[in-house]
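The values are calculated or read from the model by the stated rules, or taken from the named source; none is laboratory data. For clarity, every value in this text was computed on a predicted model and none was experimentally measured. In this analysis, Cβ positions are derived from the backbone assuming ideal geometry, glycine residues included, and neighbour counts consider all displayed protein chains. In case anyone asks, the SASA skips ligands and DNA or RNA and just uses the protein heavy atoms, side chains included. Shrake-Rupley method; radii C 1.70, N 1.55, O 1.52, S 1.80 Å.
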Amino acid sequence: PPPTPSHPQLLNMHYRLTSNMSCALNILQTYGYVYPPLPPALSLPKSTLTREVERWLEEVEIENERKGTGVMVVEQLLRREVTKAWPRATIKMYGSHATGLALATSDVDFFISLPRVRLETSTGDQTKFDADFYQTLLELLEQCRWVTDVVDIRASFRVLKVSTVHGVELDVSFATSGHVGDKSALWVTRTIEDLPQSRPITLVLKRYLHKKNLLSSYTGGVSSYGLFLMVVAFLRSGGGAAGDLGSKLTGFLEFFGRCFDPNRVAIGPRGYFLRGQQAASAFR
């Protein structure tokens, strides 16, 4: 018989949610019953969906190449303005453009590191700067001809959303003790190397959510990073283990659309865990 799932209570809970057989198979795979891949001689040809996704990915690469020049120009302009105020500052890109998960519509994320920054006492999980560096940068950017708009957003961490005449949108933040942008970018890059199919599945889902105005946690949707965690958890738990790219994409949609219970189960860098338990960090 197959091994007992590590979380039988999760399995029993999801059995009650659906009588759909394919959904039940995805649950079995997700919580411990992983089916081996088909032998090479029995492997099926690519599905129509898989071929369409692959053709679409080629278009994404072309779009990103066209945008690449504008990104480099804007990065140099931003660097020039930042070093006017803080000559020893360093600027680093992170997020989707640093990990290969960017679409032509994706913002470009930068964080600024300043030497010898004086910090205030932490309030909750968010550390505030003693000096208002964000206000200084905001005023600098508002005076730039290449900037069309700057919005100061205070979410889980503060960020300046910058619109430019080059058609490139920026998210600029300052590095604090709680800022893990560079670490998360490194983890995402390594995870994509380990799970190559996580990239195309994530890109397809990002495009769909963007069209539905749901690709932003700030406005009630899901963040790109959160979406990537969902894809990785599904693939690592064996979801669609025997299928091609198209079947794994549809398996993901079916599992999270019909089977997954977000009221009981959460997702972190290490995969699924019951709410109330501590999520393991991927950066330890």
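The table below lists the values:
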| read-out | value |
| --- | --- |
| Subset of region 158-170 that is among the hydrophobic types (A, V, I, L, M, F, W, C) and either assigned to a strand (DSSP E or B) or in contact with a His (Cβ under 6 Å, 6 or more places away or on another chain) (or both) - its residue that is nearest to ALA102 (Cα to Cα) | LEU170 |
| Any hit, region 171-191, residues being without any contact (Cβ under 8 Å) to a residue 60 or more places away in the chain, surrounded by 15 or more Cβ atoms within 10 Å (Cβ to Cβ), under 16 Å from the mean Cα position of the chain (by Cα) and assigned to a helix (DSSP H, G or I) | yes |
| Residue count for region 225-244, restricted to those that are buried (at least 22 other Cβ atoms within 10 Å of the Cβ) and modelled with pLDDT under 90 | 2 |
| Region 208-221, residues that are touching a helix residue (DSSP H, G or I) at 6+ places or on another chain (Cβ under 8 Å) and modelled with pLDDT of 90 or more | LEU209, ASN213 |
| Set PHE234, PHE255, PHE228: member being aromatic (Phe, Trp, Tyr), assigned to a helix (DSSP H, G or I) and over 18 Å from the mean Cα position of the chain (by Cα) | PHE255 |
| When residues of region 256-278 are limited to those that are out of contact with any Leu (no Cβ under 9 Å at 6 or more places or on another chain) and more than 24 Å from ILE201 (Cα to Cα), the one modelled with the highest pLDDT | ASN263 |
| Evaluation of ILE153 against (1) at pLDDT below 95; (2) open to solvent by less than 20 Å² (accessible area, probe 1.4 Å); (3) more than 20 Å from the chain's Cα centre (by Cα); (4) of a type outside the set (D, E, K, R) (one fails), failing number | (3) |
| Candidate set from region 205-224 (those that are touching a residue at least 24 places away in the same chain (Cβ under 8 Å) and crowded, with 21+ Cβ neighbours inside 10 Å); member that is farthest from GLY257 (Cα to Cα) | SER224 |
| Where VAL162 falls short, out of the listed (1) at pLDDT below 90; (2) touching a Leu at 6+ places or on another chain (Cβ under 6 Å) | (1) |
| Matching residues in region 91-149 - criterion: being of a type in the set (Lys, Arg) and at pLDDT 95 or above | ARG145 |
| Count of region 87-112 residues which are open to solvent by 20 Å² or more (accessible area, probe 1.4 Å) and either within 15 Å of GLU63 (Cβ to Cβ) or among the acidic types (Asp, Glu) (or both) | 6 |
| Every pair of residues 6+ apart whose Cβ atoms lie under 7 Å, when the first sits in region 89-108 and is under 16 Å from THR69 (Cα atoms) and assigned to a loop (DSSP other than H, G, I, E, B) while the second is open to solvent by less than 20 Å² (accessible area, probe 1.4 Å) and among the charged types (D, E, K, R) | LEU103/LYS206 |
